[in-house]
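**Student:** If you scroll down you'll find the structure; I have some questions about it.
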Amino acid sequence: QARIGTLAAEGKGNLSGQKGSGGSFTWQCWAQGSSRLRLVLTHLAAGLLADVLVEGDRASCYDPQAQTLTKGSLDALSVPGLSQTACLVRLLAGPMDTLTFKADGHLSLDIGNGRHWRILLDRDHLTYESAELRAGEEILARVSFEPGEYRMSAQVPWPMRMRVDRPGENWKLKLRFSEVQPGAPLEAEVFMLKVPEGTQVVERP
């Protein structure tokens with residue numbers, strides 16, 4: 001991965017093995033590094049699932065089915081697949097100069113709140129091979145990148161397909177990029193949630 005800074009992208013996903021999940025969804029995202037992210041998830045049958053803004057360690061999520069705007073940590077949001085998708089996009093959108101090289105040969109990206117990505121590289125192509133999101137030594141998510149599914153985008157080798165899971169849990173998340181624009185100019189409006197009047201606001205830790 002090269003230094004990205006900003007990202008505009010879209011794709012498709014599928015979450016299986018988790019209660020309340022099923023079927024496929026599409027997603028759109030806009031990111032400024034790993035600190036600011038807007039992510040929109042849409043179920044192919046049910047319509048809009050969630051519109052979420054992540055800034056640092058805090059998230060605001062509009063759920064049209066529950067007619068609520070939930071504010072709190074990313075983990076406090078209940079939309080299936082949302083936190084995993086958001087964490088993965090933040091990893092890919094993070095500028096290269098925020099990565100640190102460790103003595104055992106892996107890369108590390110600190111995303112705050114005591115969490116970091118531990119990234120292993122494909123030494124032949126210098127692309128991501130796998131990654132683990134950790135809180136201390138606890139593994140919160142594992143990602144495997146398909147080596148034959150990289151595509152050059154704006155002179156950046158970009159992983160187009162990946163699989164996400166967590167040790168000891170049954171759910172599996174498959175994500176695919178269809179459009180990727182690393183370094184895209186972003187307007188301030190893309191980081192503004194549009195919530196209908198009368199939406200209930202729920203505050204969580």
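**Student:** So, in Å, what gap is there between the alpha-carbon centers of region 127-205 and region 23-56?
**Tutor:** So the separation of the two Cα centres works out to 9 Å.
**Student:** Then there is this: Please report the base-10 log of the normalised intensity I(q)/I(0) for region 97-205, using a Debye sum with one equal scatterer per alpha carbon and no solvent, at each q in 0.17, 0.18 (1/Å).
**Tutor:** One equal scatterer on each Cα of region 97-205 leads to -1.06, -1.13.
**Student:** So, by mean Cβ neighbours within 10 angstrom, what's the order for 34-42, 161-169, 194-202 with the highest one leading? It would help to have the intermediate numbers written out before the result.
**Tutor:** Working: 34-42: 20.0, 161-169: 14.9, 194-202: 10.0.
Going by the mean number of other Cβ atoms within 10 Å, highest first, we get 34-42, 161-169, 194-202.
**Student:** What accessible area per residue comes out for region 10-82, rounded to a whole number of Å², with a 1.4 Å probe? Before the final figure, lay out the partial values.
**Tutor:** Details: 3110 Å² over 73 residues.
Normalised by residue count, the accessible surface of region 10-82 is 43 Å².
**Student:** Taking K and R as +1 and D and E as -1, what net charge do the other residues with C-beta under 13 Å from the C-beta of Pro205 add up to?
**Tutor:** On the way: positive: Arg58, Lys71, Arg204; negative: Asp57, Asp75, Glu203.
Every neighbour counted, the sum reads 0.
**Student:** Further question on the same structure: Need the full-extension length gain, Asn14 to Glu203, defined as separation in residues times 0.36 nm minus the C-alpha distance. One decimal, nm.
**Tutor:** Details: separation 189, 0.36 × 189 = 68.04 nm, distance 2.84 nm.
Value of the extension gain: 65.2 nm.
**Student:** So what are the ³J(HN,Hα) numbers for region 58-63, from phi and the Karplus equation (6.51, -1.76, 1.60; θ = phi - 60°), rounded to whole Hz, Gly and Pro as x?
**Tutor:** 10, 9, 10, 10, 8, 10
**Student:** May I ask you to derive the relative contact order of the chain, considering only C-alpha pairs under 8 Å and at least 6 residues apart, and to give it as an integer percent? Could you put the intermediate results ahead of the total?
**Tutor:** Working: 467 pairs, mean separation 51.3, N = 205.
Relative contact order of the chain: 25 percent.
**Student:** Could you give the length gained on full extension between Arg161 and Asp122, defined as 0.36 nm per residue of separation minus the Cα-Cα distance, in nm?
**Tutor:** Working: separation 39, 0.36 × 39 = 14.04 nm, distance 1.54 nm.
Working it through step by step, the gained length comes to 12.5 nm.
**Student:** Turning to a different aspect of this structure: Using only DSSP helix segments of four residues or longer, with each worth -39500 (n - 2.57), what per-residue ellipticity at 222 nm results for the chain after dividing by its residue count and rounding to 500? It would help to have the intermediate numbers written out before the result.
**Tutor:** Numbers: 1 runs with 12 residues, N = 205.
About -2000 deg cm²/dmol.
**Student:** Where in region 164-205 is the amide nitrogen less than 20 Å from a point lying 7 Å along the Cα-to-Cβ axis of Arg58?
**Tutor:** It comes to 188-196, 199-205, nothing else.
**Student:** Normalised by the empirical 2.2 N^0.38 Å for globular proteins, what value does the Cα Rg of region 123-164 take? All intermediate terms of the calculation are to be shown ahead of the outcome.
**Tutor:** Details: Rg = 12.0 Å, N = 42, 2.2 N^0.38 = 9.1 Å.
Here the Cα radius of gyration is 1.32 times the empirical estimate.
**Student:** Mind listing the long-range amide H neighbours of Gly33? Cut-off is under 5 Å, sequence gap 5 or more, other chains count too, H placed in the peptide plane at 1.01 Å from N.
**Tutor:** HN-HN under 5 Å from Gly33: Gly5, Thr6, Leu7.
**Student:** Using Cα positions and a limit of under 26 Å, work out the lysines in reach of Lys12, with same-chain residues fewer than 8 apart set aside.
**Tutor:** Cross-link targets: Lys71, Lys172, Lys174, Lys194.
**Student:** Let a ≥ b ≥ c be the square roots of the eigenvalues of the Cα gyration tensor of region 152-203; is it rounded (a/c under 1.5), or, if not, prolate (a/b larger than b/c) or oblate? Please report the intermediate quantities before stating the final value.
**Tutor:** On the way: a/c = 3.53, a/b = 1.17, b/c = 3.02.
Oblate, since a/c reaches 1.5 and b/c is not below a/b.
**Student:** Give the Kirkwood hydrodynamic radius (Å, one decimal) of the chain, defined as one over the mean of 1/r across all pairs of different Cα atoms. Can you show the working numbers first?
**Tutor:** Numbers: mean 1/r = 0.0577 Å⁻¹.
It works out to 17.3 Å.
The values are calculated or read from the model by the stated rules, or taken from the named source; none is laboratory data. What you see is a predicted model, and the numbers here were worked out from it, not measured in a lab. Using ideal geometry, Cβ is built from the backbone for each residue, glycine included, and neighbour counts are taken over all protein chains shown. Quick note on the areas: whole protein, heavy atoms, side chains included, nothing else; ligands and nucleic acids left out. Shrake-Rupley method; radii C 1.70, N 1.55, O 1.52, S 1.80 Å.
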